[in-house]
Amino acid sequence: MKTGVSVVDAMTHSPVTVMPTKSLEFCAKLMKEKNIGSLIVEQDKKLLGIITEWDVVRKVVADGRDPKFMRAEDIMENKVVTIEPDKDVFEALVTMRNSDIRHLPVVNGSELLGFLTLKDVLKIQPELFDILLEKVEAGISLKGL
């Protein structure tokens, strides 16, 4: 199913990024300040990883670790699922569903171009919500959706 809307038309063109050496305390405060649920870890426009609220809760807080003494690179997911800017948002949503993620960096090769979230997709194509219902009905979660 094609929507006719490309990822580049729905994505955030200036995603919030951090360097891998930033403290997790800094990262958490930045997410709070920007009212966002994830950060892209990058260096020289190259995508290195992603940190989500989920990562902070599961890999730091729940384990009793101190975010003041940890860096972004300590908990970032470095096997990041990505998408190209010319793909249809339907394909992006299917990728998110199949990978059980809500955040999708947009890349051209190894260069970070933007960021697409589940909320971005549903804002422009709310009828795609049915795809998400398939996951819920199957008893599969999208990590804190």
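Just so you know, all these numbers are worked out from the coordinates, no wet-lab data involved. All values derive from a computational prediction rather than experimental measurement. With ideal geometry, Cβ positions are generated from the backbone for all residues, glycine too; neighbour counts draw on all protein chains shown.
Which pairs in the list LYS2/LYS46; LYS22/LYS46; LYS68/LYS119; LYS34/LYS79 are over 18 Å apart, alpha-carbon to alpha-carbon? Violating the 18 Å Cα-Cα cut-off are LYS2/LYS46; LYS68/LYS119; LYS34/LYS79. For the range 7-137, the share of alpha carbon pairs falling in successive 5 Å distance bins from zero is 2, 11, 21, 22, 19, 14, 9, 3, 0 percent.
For the pair the range 90-110 / the range 1-60, the C-alpha centres are spaced 13 Å from each other. Taken along the Cα-to-beta-carbon direction at a fixed 7 Å, the label points for THR12 and LYS34 span 0.5 nm.
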